[in-house]
Amino acid sequence: MPYLTAPLTNARLHRAVRAGLVGLSIVSALTAVSSAAAQAQTQPRPAVEAAPQAVPGFWDPRRRPDRPDMSRLTVIRFLTETDYPPFNFTGPDGNPAGFNVDLARALCDEIKISCTVQMRRFETLVDAITSNRGDAIIASMAVTPALRARLDFTDPYYRAPARFVSRRDAVMPEIRPEYLEGKKVGVIGGTSHEAYLKAMFTDAEIKSYPNDDALRLALRRSEVDFIFGDAISLAFWINGTDSAECCAFSGGPFVESRYFGEGIGIAVRKGNDLLRTSLNWALFRLWEKGRFTDLWLRYFSVSPF
C-alpha cells in the first residue's frame, strides 16, 4: 500500500491514509490537537508511552447544521478507489469494502436514501464524476486548490497529520523545536514533511532518505533519533509486524494546512449544493451519535492523532 512520500500533490496526499490513517476517544476531537506548527507544548516530562488515541473530528457541536430538504435526492452513486486498504478494497465476497465504503453506507442510512458504491482507479475518479458517471467521490481525496476549481467538497472527515516516531525507550510526550536541538531526525527527501522540518526544526540534524523502508530501517538501527512523516502510514507500521515493536509515536500531531493539506473530504460536482449540504448534515449526525467514532475504532487500532 503506497504512502505519502512526495510533495503535496493530491494523488500522493490521498495515499496518506493508514485518517489508517484521517482515533478513538470522542473527548479529544481533532480541533483540540490541531494547534498549528510546533506551538503551545509544555516542558518535556520523563519518557512515557505514546498518548492515548483521539478521534479525528471537525464538527463543532455549537454549530449544528440545519437539516436540508432532501426530498429531491433519490439515490447517491458513490465512487471510490479500487485498492487502498483499509480505506477501500475488495472484500472476500467481491464487493467494495473498507472505511470509506462503510462510511458511505452509514451516510446513506442516516439520510435514508438508496446508494451504490462503485470502485474505479483513483486517477479516473474526477473525470467520472464530472461526466455524470457518479454523484460523490469518497476515496480519501485530499482537498487542494486545484481540485476545488473542478469539484466542491464536504467538510473534512479526517486529516493526514504528521508525527514524530522514536524508539520505545526514548518516547517524548511532547515535542518542540528546541527539544530536538542536535538530534538526528530522518525524513523522506523532497516531501512536505522535509520542508516542514527545515522551516521549523532548524536546530535538528535532518537526514533525508529515499523511501519509507530506508527511513524506518534507520530508526530501527538507531541511526536516527526520530523519524517524521505521515502519521497514518506510520500508525500502521508501528502496529504491524514490520516494526518488530521497536517504536512508538513521540509528541502529538502536526496539522498545519500549509504543509499537510486542508484535510480529506467527499467530492461532488460543482454546484451540487443539495448533495454537499446533505452529506455535511449526515456527517455531523454520525459524529454526534458516536457512529463515526465506532467506525474509526473498528478500522484503526493505533491512532495517527
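Structure summary
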quantity: Selection from region 116-153 of residues that are farther than 18 Å from D273 by Cα, among the hydrophobic types (A, V, I, L, M, F, W, C) and in contact with a helix residue (DSSP H, G or I) (Cβ under 9 Å, 6 or more places away or on another chain); calculated: V117, M119, F122, A139, M141, A142, A146
quantity: Every residue from region 155-166 that is within 17 Å of A204 (Cα to Cα) and charged (D, E, K, R); calculated: R163
quantity: Helices (runs of 4 or more DSSP H) (entirely within region 190-305) containing at least 2 residues that are surrounded by 14 or more Cβ atoms within 10 Å (Cβ to Cβ) and not aromatic (F, W, Y); calculated: 192-200, 212-220, 231-239, 273-289, 291-299
quantity: Some residue of region 222-235 being farther than 23 Å from S301 by Cα and touching a strand residue (DSSP E or B) at 6+ places or on another chain (Cβ under 6 Å); calculated: yes
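Coordinate-derived values only; no laboratory data. Predicted model only: the values in this text are computed from it and were never measured. Every residue, glycine among them, receives a Cβ derived from its backbone with ideal geometry; neighbour counts consider all protein chains shown.
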